[in-house]
1. Give the residue, chosen from 118, 144, that is in a helix (DSSP H, G or I), among the aromatic types (Phe, Trp, Tyr) and in contact (Cβ under 8 Å) with a residue 24 or more places away in the chain.
2. Please list, ordered by residue number, the helices (runs of 4 or more DSSP H) wholly in the stretch 186-260 having 2 or more residues that are touching a helix residue (DSSP H, G or I) at 6+ places or on another chain (Cβ under 6 Å) and either at pLDDT below 95 or within 19 Å of residue 52 (Cβ to Cβ) (or both).
3. Considering the stretch 144-156 alone, what residues qualify as being under 17 Å from residue 79 (Cβ atoms) and among the hydrophobic types (A, V, I, L, M, F, W, C)?
4. Restricting the stretch 280-336 to residues that are at pLDDT 90 or above and among the aromatic types (Phe, Trp, Tyr), which is nearest to the chain's Cα centre (by Cα)?
5. Please specify each residue of the stretch 260-285 satisfying the condition of being crowded, with 17+ Cβ neighbours inside 10 Å, among the polar types (S, T, N, Q) and farther than 17 Å from residue 76 by Cβ.
6. Among the helices (runs of 4 or more DSSP H) contained in the stretch 1-96, which hold 3 or more residues that are hydrophobic (A, V, I, L, M, F, W, C) and surrounded by fewer than 20 Cβ atoms within 10 Å (Cβ to Cβ)?
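The values are calculated or read from the model by the stated rules, or taken from the named source; none is laboratory data. Quick caveat: nothing in here was measured; it's all calculated off a predicted structure. Here Cβ is always computed from backbone atoms with ideal geometry, including for glycine, and neighbour counts include all displayed protein chains.
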Amino acid sequence: MIGMPLIIALGGLVAYGLFPGEGLGFALLLGAILAPTDAALGMSIFNNPRVPVRIRRALNVESGLNDGIAAPLVALFIALALAQETHQGSGWLLSALGEIGWGVGAGLVIGLLGGWLFAAAVKRGWTATAGEQIGNLALALCAFWAAKALGGNGFVAAFVGGILFGYATRERLHVATEFTETSGTLLSLFVWAVFGANLVPPLLQSFNPLALLYALLSLTAIRMVPVAISLIGTRMRVDTALMMGWFGPRGLASVVFTLMAYESFHEAARTFDTLADTAAWTILLSVVLHGISAVPLANWYARRLETADPAAPELSELPELGMRRRDPLSWLKHSR
């Protein structure tokens with residue numbers, strides 16, 4: 001509630017300074033698209049036992065929540081950017097809030113009702129393990145498409161529905177999520193293929209230095225300064241603030257939000273090149289730089305903490321959070 005709004009605000013301010021002709025809505029949209037982090041690119045940190053549990057847990061929870069928090073803001077800023085392009089009045093705000101509201105409503109109803117029915121079926125033995133896994137995926141798709149049919153945001157609905165499903169089932173149905181997680185991992189590879197095939201080649205064909213500059217700032221100051229501010233009350237060390245600030249890899253959420261913006265901009269006949277170039281540079285650099293630095297950074301940080309005061313906030317004892325993300329090809333390995 002501190003770091004992420006500051007990241008979006010600072011990202012929007014920098015974007016408005018570099019691309020003033022694009023408008024405030026565009027600037028805030030770019031800040032929201034590039035604010036979420038990706039857990040998949042952070043496995044080297046999350047699974048490193050030498051990094052304190054509290055740090056790994058904070059980064060893990062952040063990456064799990066911030067894409068869902070950013071989704072309604074992305075929808076709101078897309079509407080603002082298009083309204084400024086077409087010089088519309090205040091109608092865009094009601095339209096955007098309606099889209100978000102329908103998404104929240106669909107997720108709320110389907111998550112709670114579906115979770116309750118799901119738990120009741122499992123408790124009474126009315127379904128098999130395979131049915132649990134397929135049904136879990138079906139509920140997520142139901143929330144998404146129900147929201148779309150009502151004119152709402154499907155991503156908001158799926159996120160809210162997932163949280164309410166976990167609440168309604170008291171998080172007892174972990175087996176039901178395995179198939180969904182594996183399917184999601186496989187489908188994410190497809191999204192990455194779309195990103196590589198459609199957003200990266202234009203970077204090589206027409207170089208935009210301002211887009212590259214924003215990407216570098218997004219991966220450094222735009223994230224690191226707000227993270228440092230949000231950690232002031234924790235009294236953590238400077239190296240902890242630097243490590244947590246740097247390690248905010250941009251990945252799948254930013255790719256999906258960029259594709260959402262592309263679809264909306266294309267329908268409104270608004271140019272998309274600047275947004276695509278800036279988002280693509282940021283994501284591409286993040287994949288490379290965070291991928292290369294993850295292991296050395298974790299080891300460096302762990303060595304520094306070996307001499308830290310045992311009472312340091314970073315070393316507070318906390319329970320481990322289970323990382324259930326699986327190898328997408330594990331089913332093939334087991335079949336062999």
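1. Working: 144 fails: in contact (Cβ under 8 Å) with a residue 24 or more places away in the chain.
Result of the check over 118, 144: 118.
2. Working: elements: 201-205, 209-219, 221-230, 238-246.
Of the helices (runs of 4 or more DSSP H) lying wholly inside the stretch 186-260, those with at least 2 residues that are touching a helix residue (DSSP H, G or I) at 6+ places or on another chain (Cβ under 6 Å) and either at pLDDT below 95 or within 19 Å of residue 52 (Cβ to Cβ) (or both) span 221-230, 238-246.
3. Going residue by residue through the stretch 144-156, those that are under 17 Å from residue 79 (Cβ atoms) are 147-148, 150-156.
Listed by number, the residues that qualify are 147, 150, 155, 156.
4. The selected residue is 281.
5. 274, 278, 282 - these are the residues of the stretch 260-285 that are crowded, with 17+ Cβ neighbours inside 10 Å, among the polar types (S, T, N, Q) and farther than 17 Å from residue 76 by Cβ.
6. On the way: elements: 3-18, 24-33, 43-46, 53-86.
So the answer is 3-18, 53-86.
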